[in-house]
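The values are calculated or read from the model by the stated rules, or taken from the named source; none is laboratory data. All figures in this text were calculated on a predicted structure; none of them were measured in a lab. Glycine gets a Cβ as well: all are built from the backbone with ideal geometry, and neighbour counts include every protein chain shown. Calculation scope for accessible area: heavy atoms of the full protein, side chains included, ligands and nucleic acids excluded. Shrake-Rupley method; radii C 1.70, N 1.55, O 1.52, S 1.80 Å.
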Amino acid sequence: MARRVLKLASLTAAASGIYLYGNKFLDPSDFGVVRVGRTIATTALITYDYLTSLRSVPYGSEEYDFLKSQVHLRSAERLRKLCCVNRGTFIKVGQHLGALDYLLPEEYTRTLKVLHNQAPQSTRQEIEQVIREDLGKEIKELFMSFEYTPLGAASLAQVHKAVLQDGRTVAVKIQHPKVQAQSSKDILLIEVLLLVVKQIFPDFEFMWLVEEAKKNLPLELDFLHEGRNAEKVADMFKNFDFLKVPRIYWELSSSRVLLMEFMEGGQVNDRAYMERNGIDVNEVVSHL
């Protein structure tokens with residue numbers, strides 16, 4: 001069995017290499033050996049665990065259910081760690097998996113939900129690099145002040161509070177610098193591995209995740225698309241005076257940088273925030 005898993009890992013690496021070299025749109029040199037090796041090793045280990053841990057236990061027995069839960073838990077933790085170290089697209093996919101309560105075992109969704117709070121943060125140098133490359137100026141030229149500690153960080157980007165030279169306070173959404181370059185390659189790697197897993201486990205039906213990522217991720221990585229959607233939503237709901245969509249500052253926006261009107265607020269499910277600020281919870285629910 002161990003030989004089978006090692007063979008699986010070798011075949012997967014070879015298939016990935018052939019696929020990459022045969023695709024003129026991808027540069028194999030961008031695919032970090034450590035990054036790919038880590039992903040293949042994690043997939044092989046999870047596969048090996050499922051193949052060996054349950055094979056000698058009667059299906060449907062209490063012991064089988066207990067061991068299956070333990071394998072789910074170990075595998076979910078390995079997957080979580082892989083997402084955290086590979087970052088970017090992997091965290092995005094992991095977050096998506098964590099929300100599939102209606103499809104995945106509870107051990108997976110419970111373990112992967114924490115990825116919503118473990119998004120990576122770009123360094124000061126990386127932030128300055130993206131601003132310089134996309135807007136053509138240094139941060140000190142564009143802003144009177146800029147808070148380098150982000151207000152929030154997600155799998156693809158993070159948001160900073162800043163003040164423009166004319167005194168306007170803005171929210172600056174900045175994409176993590178390596179995400180765009182790695183995204184297509186990450187999706188390809190995930191697709192190849194899932195195809196291999198499906199060969200071993202024919203009932204595995206999660207290839208739709210790859211198709212969804214192929215379709216939606218390029219749109220999410222284009223902040224100009226997001227800005228246009230914001231304006232579209234603002235126009236669609238312009239008759240609702242209780243709803244405010246932040247204004248987009250197009251002159252300082254790009255596919256990786258989005259400048260928006262800064263607005264104070266709390267989360268829509270933060271009842272304590274509403275009570276502290278005299279906001280009628282029932283009125284908010286009614287408006288929603």
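With no solvent and one point on each alpha carbon, what is the Debye value of log10 I(q)/I(0) for region 134-188 at q = 0.32 Å⁻¹?
-1.24
Rounded to the nearest 10 Å², what accessible area does Arg124 have for a 1.4 Å probe in the complete protein model?
Counting only protein heavy atoms, Arg124 exposes about 130 Å² to solvent.
If you rank Tyr273, Tyr48 by how much accessible surface each has, with a 1.4 Å probe, what is the order from largest down?
The ranking, largest first, comes out as Tyr48, Tyr273.
Got a number for carbon plus sulfur as a percent of region 146-191's accessible area, 1.4 Å probe?
The C+S portion of the solvent-accessible surface of region 146-191 is 54 percent.
Placing +1 on the Cβ of each Lys and Arg and -1 on the Cβ of each Asp and Glu in region 134-288, which of Pro150, Gln175, Leu135 has its Cα farthest towards the positive end of the resulting dipole?
Leu135
In square angstrom, rounded to the nearest 10, how much accessible surface does Leu188 have for a 1.4 Å probe?
My reading of the accessible area for Leu188 is about 10 Å².
Suppose we keep just the alpha-carbon trace of the chain; what are its Rg and Dmax in angstrom?
When restricted to Cα atoms, the chain yields Rg and Dmax of 22.6, 72 Å.
Order His160, His72, most accessible first, counting only protein heavy atoms with a 1.4 angstrom probe.
His72, His160
Which whole-number value in Å² is the accessible area per residue of region 148-195, probe 1.4 Å?
Per-residue accessible area for region 148-195 comes out at 35 Å².
Counting only complete DSSP H runs, which helices of the chain cover 15 Å or more along their long axis at the Cα atoms and score a mean Kyte-Doolittle of -0.5 or above?
2-21, 33-53, 179-200, 207-220
In straight Cα distance, which lysines are under 21 Å from Lys214, not counting same-chain residues fewer than 8 positions off?
Lys24, Lys92, Lys178, Lys185, Lys198
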